[in-house]
Amino acid sequence: MTGQCLIETVGYDDGDIDTNLSTTTHLNELVSRRYSRRSLMGGMSAMTTAVFGGALLTGCGDDDRDVITVSDGTTVQAQGGRVVTLSATASDNASTTTFTQVAGPTVPVVASGNSITFIAPNVAQATALVFEFSASGRSGTSSARSTVNVVPATLDFTAVAKNRNDVVTVPSNYNVTVLYRLGDPIAAGVSAYANNGTDANFAQRAGDHHDGMSYFGLAATGTTPDLAGNVRGILVMNHENITEGYLHPNGPTGLTSSGVRPEAEAIKEIEAHGVSVVEVTRAGNTGAWSYVQASTLNRRITPNTPMQFTGPARGSAALRTRVSNDGTRSNGTINNCANGHMPWNTYATCEENWAGYFTRAAGDEALRTAAGVQKENASLRRYGIGQGRTGNYRWTTVTPADASSTTFSRWNASILADAAADGTQDFRNEPFTFGWVVEIDPYNPQSLPRKRTALGRMNHEGCQPGRTVAGIRPAFYMGDDAQNEYIYKFVSDAAWADADATATDRLAIGDKYLDAGTLYVAKFADDGTGTWLPLVFGQGPLTPTGYPAYAFADQADVVINTRLAADALGATPMDRPEWTAVNPVNGEMYCTLTNNGSRTVARVDPSNPRAYVDPPSTSVSNRNGHVIRLRETGDRSDATTFTWDIYAFGAGSDLDPTNINLSALDATNDFSSPDGLWFGLPTNASGQVAPLMWLQTDDGAFTDVTNNQMLVGMPGRVGDGGTRQVTSTGGGASRTVTTRVGAAPGTKLKRFLVGPVECEITGISSTPDGRSLFVNVQHPGGDGDAAKVTSNWPASQAGAATGSRPRSATVVITKADGGVVGL
């Protein structure tokens, strides 16, 4: 054949791009003869696959062997977060073939032969991505274009039904893998966990009560960070507490009022608290995840790990103890709940309910008064350490084999007879060494964790960075997890510099942003506005004489006694502020207010507007909690004013829609006691345009209906709803307030996961591509013990496992088609 070109028809062509350069039959005519659009689109399933179709484009030459043919273009549709595969064909005599994106937002692609695969980005409106496939040979080059129309992402799964099963339940097109369990060994030579109470050496095993967690990417080999690493990384997670009934062969001994705890039991319990740093890997891009037992990056940070103080309280007389005569060092961290992933790639772990571990003798208040430090009594009472306490787990009753050991005696906060008045010969000041945000460098096992005192001392739930914008001072948002406590933020003195995100001396960058700045507490006004009140010594009542309940001496005194300073300023008491999270697109901050058993009708206000009876309880309280959000003025993290509304009210779908179920929740999304909170990452579709917000529960009010759960939403903005009058009643009283309610979530909030029996769902992170989601399951079978095992999870995830003791564990959730989890 010479002198003319011929097109062969062998398949479907969409016909929207005319690439035929010959004088033969027009592309549109081929379409109408051969196929309808439905023949391609009707076959689409969860994985969006676009195949460059069937009509072949011919480049002409003098001999059939010189003809280069490629398939023509086609058009398909996919929503953000879906896997898209484009495949093309070229004649055998093509020497080179290439794909090139020629229009639309640039997406990273994985090429394999004449195919490319990518994840569709999230978009605000339908957006075309156009790709050109070219083939070259002796006769020249031929090409064709294909269009992928990307539409805005949705929560495209069927909501998981409420249930009380002893497994982790997720939507049908998702997979769950158990990754890292209580007791798993994280050092070479440490034996597998027997799970019968006989195991020891928790300094080299996974701790208990997995909680807040972050993933940090690694390069393919070595210890170099790779912020885009999706198949190898470091998981850093908190171990908040213990279920001691399962840790020992027959439960703990010596817990009676006159009992003495065995040293081995107490050591195990102490070491099971703290933080894990553990390397994890995936087998290829789609294989199973596992942790690396012998990794040199692995370590446990426990209540015994040496640490140093930084910021305004470093060196304070209040931090002097028997192990740190100059108040610059301390041992360990405990009751670590939520967390924060710092913008320079360190991990912030937060000390929450630490006060309960301390013993304080009756009569200690009088001793402190006699010593001239009576204001310490006000401080200790405000933080829940009254005299006459025996302390959680009674560790102070241990008689150590090494008489010089302070591992157990440090939990006695009493003044000891004949001890030095400055606190350097006992542990009277040990409570002041807890309640901080602790920064850890996950990439450097030799680094010393740093307690950042500028961020205040409280029942720290988490520490969530706001958006970082070059030249703007960054903010870090925190909740104080106790009834009627406050929401805080810390604004650094240093303006953000983008280069700091990839600095190698990460803790030095933490020094830059976390050691100098202003700590604020939130005051919510009835009209939907609010103010950040600065906790600065010398301003307002924060002086030696400005507040009758406590005489502040300096800024160290202010941050050590953050709660008292916030009291003095008149901050708004909230319904148990827990996790904070920041929308990566608009910078709005969300905070879970888990519940409040002491919220009475008389004490409701617009930002905490409900007090009610939720059967079977007969008490009046905010039993189900809510999620509040705020927008900084000017959308700047360093603003001192904001607006607010309530994103969602926890409630059963059967409760009063007028005054309780204010968010119109239904069977697909009703929840109680919101706790864990996290937004998808901006590096993938789950954190773009309309980011996913993951919401986890820690509930006792709804567990007669369902185990604890995790929902996912696509929230709007502060102010997208309106005002609402809410009437609280109970105990013969009634009170109506006007609150700000966000738009009803509707189908933009769905239940994604239900956990096993008697667990809490808490802690969440993902790989940068959003295709692997890590979730922690805490204290399954938490109401049982060795004599009465009430859950067999995680063993039960694979089938019946009667008799197996439950273990807190991390699971990995992936989508069957490989797409972004949740979309």
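Note on the range 778-802: residues that are more than 30 Å from residue 253 (Cα to Cα), open to solvent by 40 Å² or more (accessible area, probe 1.4 Å) and assigned to a loop (DSSP other than H, G, I, E, B) amount to 1.
Among the residues of the range 765-776, are any assigned to a loop (DSSP other than H, G, I, E, B), touching a Cys at 6+ places or on another chain (Cβ under 8 Å) and among the small types (Gly, Ala, Ser)? No, there is no match, as no residue in the range 765-776 is assigned to a loop (DSSP other than H, G, I, E, B), touching a Cys at 6+ places or on another chain (Cβ under 8 Å) and among the small types (Gly, Ala, Ser).
Which of the residues that make up the range 421-475 are open to solvent by less than 20 Å² (accessible area, probe 1.4 Å), under 17 Å from residue 517 (Cα atoms) and of a type in the set (S, T, N, Q)? 453 - this is the single residue of the range 421-475 that is open to solvent by less than 20 Å² (accessible area, probe 1.4 Å), under 17 Å from residue 517 (Cα atoms) and of a type in the set (S, T, N, Q). Selection of the range 595-620 for residues being at pLDDT 95 or above and charged (D, E, K, R) yields 599, 603, 605, 610. Among the residues in the range 214-223, are any more than 26 Å from the chain's Cα centre (by Cα), of a type outside the set (A, V, I, L, M) and open to solvent by 10 Å² or more (accessible area, probe 1.4 Å)? Yes, some residue in the range 214-223 is more than 26 Å from the chain's Cα centre (by Cα), of a type outside the set (A, V, I, L, M) and open to solvent by 10 Å² or more (accessible area, probe 1.4 Å). Looking only at residues in the range 681-695 that are small (Gly, Ala, Ser) and touching a strand residue (DSSP E or B) at 6+ places or on another chain (Cβ under 8 Å), the one that is farthest from residue 762 (Cα to Cα) is 685. Candidates in the range 190-219 are the residues that are in a loop (DSSP other than H, G, I, E, B) and touching a helix residue (DSSP H, G or I) at 6+ places or on another chain (Cβ under 9 Å); of these, the one that is farthest from residue 578 (Cα to Cα) is 190.
If you check 661, 622 for being of a type outside the set (Lys, Arg), without any contact (Cβ under 8 Å) to a residue 60 or more places away in the chain and surrounded by fewer than 21 Cβ atoms within 10 Å (Cβ to Cβ), only one passes: 661. The set of residues in the range 128-177 that are in contact (Cβ under 8 Å) with a residue 24 or more places away in the chain and hydroxyl-bearing (Ser, Thr, Tyr) comprises 134, 136, 139, 141, 142, 143, 146, 147, 154, 169, 174, 177. Of the listed requirements (1) without any contact (Cβ under 8 Å) to a residue 40 or more places away in the chain; (2) touching a Cys at 6+ places or on another chain (Cβ under 8 Å); (3) among the small types (Gly, Ala, Ser), residue 791 misses just one: (1). Kindly provide the set of residues from the range 697-742 that are open to solvent by 40 Å² or more (accessible area, probe 1.4 Å) and aliphatic (A, V, I, L, M), ordered by number. Scanning the range 697-742 gives 705, 733.
May I ask you to list the residues in the range 178-199 that are touching a residue at least 60 places away in the same chain (Cβ under 8 Å), open to solvent by less than 60 Å² (accessible area, probe 1.4 Å) and of a type in the set (Gly, Ala, Ser)? Once the filter is applied, which keeps residues that are touching a residue at least 60 places away in the same chain (Cβ under 8 Å), open to solvent by less than 60 Å² (accessible area, probe 1.4 Å) and of a type in the set (Gly, Ala, Ser), the range 178-199 yields 183, 187, 197. Give me the residue from the range 233-267 that is more than 19 Å from the chain's Cα centre (by Cα) and closer than 30 Å to residue 766 by Cβ and, out of that set, surrounded by the most Cβ atoms within 10 Å (Cβ to Cβ). Top of the filtered list is 246. Any residue at all in the range 130-138 that is surrounded by 19 or more Cβ atoms within 10 Å (Cβ to Cβ), in a loop (DSSP other than H, G, I, E, B) and basic (Lys, Arg)? Checking the range 130-138: not a single residue is surrounded by 19 or more Cβ atoms within 10 Å (Cβ to Cβ), in a loop (DSSP other than H, G, I, E, B) and basic (Lys, Arg).
Here 821, 775 are screened, and the one residue that is among the aliphatic types (A, V, I, L, M), under 18 Å from residue 165 (Cα atoms), open to solvent by less than 10 Å² (accessible area, probe 1.4 Å) and under 23 Å from the mean Cα position of the chain (by Cα) is 775. Working carefully through the options 312, 306, find the one that is at pLDDT 95 or above and more than 17 Å from residue 427 (Cα to Cα). Of the residues listed, the single one that is at pLDDT 95 or above and more than 17 Å from residue 427 (Cα to Cα) is 312. Looking only at residues in the range 85-101 that are touching a strand residue (DSSP E or B) at 6+ places or on another chain (Cβ under 8 Å) and part of a loop (DSSP other than H, G, I, E, B), the one that is most open to solvent (accessible area, probe 1.4 Å) is 95. Taking the conditions exactly as written (aliphatic (A, V, I, L, M) and touching a residue at least 40 places away in the same chain (Cβ under 8 Å)), does residue 482 satisfy them or not? When the stated conditions are applied, residue 482 passes them. Within the range 277-287, can you find the residues that are part of a strand (DSSP E or B) and either more than 17 Å from residue 223 (Cβ to Cβ) or without any contact (Cβ under 8 Å) to a residue 40 or more places away in the chain (or both)? Scanning the range 277-287 gives a single hit, 282. Residue 418 meets the conditions (1) surrounded by fewer than 20 Cβ atoms within 10 Å (Cβ to Cβ); (2) touching a helix residue (DSSP H, G or I) at 6+ places or on another chain (Cβ under 7 Å); (3) of a type outside the set (A, V, I, L, M) in every case but one. The failed one is (2). Just to be sure before I move on: is residue 730 at pLDDT below 95 and more than 22 Å from the chain's Cα centre (by Cα) in the structure I sent? Yes: the conditions hold for residue 730.
The values are calculated or read from the model by the stated rules, or taken from the named source; none is laboratory data. Here the structure is a predicted model, which means the values were calculated and not measured. Quick reminder, even Gly has a Cβ in these numbers, built from the backbone with ideal geometry, and neighbours come from all protein chains shown. Quick note on the areas: whole protein, heavy atoms, side chains included, nothing else; ligands and nucleic acids left out. Shrake-Rupley method; radii C 1.70, N 1.55, O 1.52, S 1.80 Å.
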